[in-house]
Amino acid sequence: MNATTRRGASTRGQVARQLAGVDAIEIKVTIPDAQVDAALKRYKLTVDNDEERYIYFFDTPTLDLSKAGMFARARRIVGEEDDSTVKFRPVVPDEVPPNWRKFAGFKLEADASETGVVKSASLTMPVEKGLINQVVTGEKNVARLFTREQEDFLASIGKQHIDYNSLSVLGPLQAHRWQFEDPACPWRMTAELWKREDGARLMEVSIKTPVIQAAAAMAGFMAFLTEMGAEQDLQQQTKTRWALEHYADLLRTKKSTGKRA
């Protein structure tokens with residue numbers, strides 16, 4: 001076995017150990033706002049051929065949920081069923097009770113970027129049409145968006161409960177999502193573009209692959225992006241953190257100036 005082969009085997013072994021216990025891996029790269037328009041043009045991605053979404057997060061003004069590794073989100077998808085998601089990360093897959101696999105909305109997966117690999121467990125459930133808007137306008141309590149199963153899910157994994165009365169609405173984010181292919185990339189790609197109310201944008205391009213293909217996919221996808229001239233976001237800021245920090249700061253500012261949040 002030569003040195004190159006040994007390095008390749010070592011890398012595959014390291015990735016395999018990092019991903020032990022998860023079902024799939026999503027490899028993500030964020031693209032700077034300055035390159036978003038070029039990426040959209042290259043692949044002919046427009047609002048006419050996308051999946052349009054409106055996303056709301058729920059947390060305290062000081063992001064206590066996020067700091068504890070918990071995330072609560074509701075998503076309104078134009079023309080499709082609305083849903084809500086609770087997520088906990090990082091997790092140790094072997095410590096996630098197997099009974100949650102009976103739910104169609106359960107996921108145990110890993111997100112990978114140049115900054116590392118993070119494993120997460122989440123449970124998504126359908127939400128009654130119109131309920132998200134009622135919660136956002138204050139007509140209904142945030143707790144109405146999440147089921148007892150989702151509450152039990154967080155309690156069983158993170159040993160924590162959500163105090164819904166302490167949560168504020170963070171959002172909305174307007175999101176556009178596309179799936180597309182490139183002859184030079186062996187994996188089907190997903191692009192998701194998030195836009196805040198201040199006009200700032202963040203685009204994420206990702207692929208999903210079985211764990212057994214993870215090492216090759218990570219190297220190959222990064223090489224493909226480099227070859228096509230993509231200038232990756234050096235901060236590799238996740239969409240969630242980018243959104244939460246902005247809206248939490250906005251909420252704190254409104255509270256400090258006495259404005260209605």
What FRET efficiency comes out for the pair Asn99/Ala24, r = Cβ-Cβ distance, R0 = 22 Å, nearest 0.05? 0.65
Two-decimal Rg/Rh of the chain from alpha-carbon positions, Kirkwood Rh? 0.98
For region 45-79 and region 18-39, what is the separation of their C-alpha centers, rounded to whole Å? 17
If R₀ is 51 angstrom, what is the calculated FRET efficiency for the pair Asn133 and Ala223, using the beta carbon separation as r and rounding to 0.05? 0.70
What ranking, highest mean first, results for peptides 167-180, 189-202 when packing means the other Cβ atoms within 10 Å averaged over each residue? 167-180, 189-202
Hey, can you list the DSSP H helices of the chain whose Cα span along the axis is 24 Å or longer and whose average Kyte-Doolittle score is at least 0.5? none
Provide the gained length on full extension for the span Ser256 to Gln174, in nm with one decimal, where the gain is 0.36 nm per separating residue minus the Cα-Cα distance. 26.9 nm
Would you calculate the convex hull of the Cα atoms in region 127-261 and tell me its volume per residue in Å³? 179
Residues whose placed amide H lies under 5 Å from that of Ala24, excluding near-sequence neighbours: Ala110
Starting from the 7 Å offset along Cα-to-Cβ, what nm value, one decimal, do you get for the label separation of Val47 and Ile77? 2.1
Over the chain, what is the mean sequence separation of C-alpha contacts under 8 Å (at least six apart), divided by residue count, expressed as relative contact order in percent? 27
Compute the relative contact order of region 112-178 as a whole-number percentage, counting only Cα pairs closer than 8 Å that sit 6 or more residues apart in sequence. 25
Difference of contour (0.36 nm per residue) and Cα-Cα distance, Asn165 to Lys208: 11.9 nm
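Assign unit charges at the C-beta atoms only (+1 for Lys and Arg, -1 for Asp and Glu), then state the dipole size of the chain relative to its Cα centre in Debye, rounded to the nearest 20.
440
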Sequence neighbours fewer than 8 away in the same chain don't count; with that in mind, list the lysines whose C-alpha is under 21 Å from Lys44. Lys28, Lys195
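Readers should treat all values here as calculations from the given coordinates under stated rules, not as data from a laboratory. As the structure is a prediction and not an experimental result, all values here were calculated from the model. Quick reminder, even Gly has a Cβ in these numbers, built from the backbone with ideal geometry, and neighbours come from all protein chains shown.
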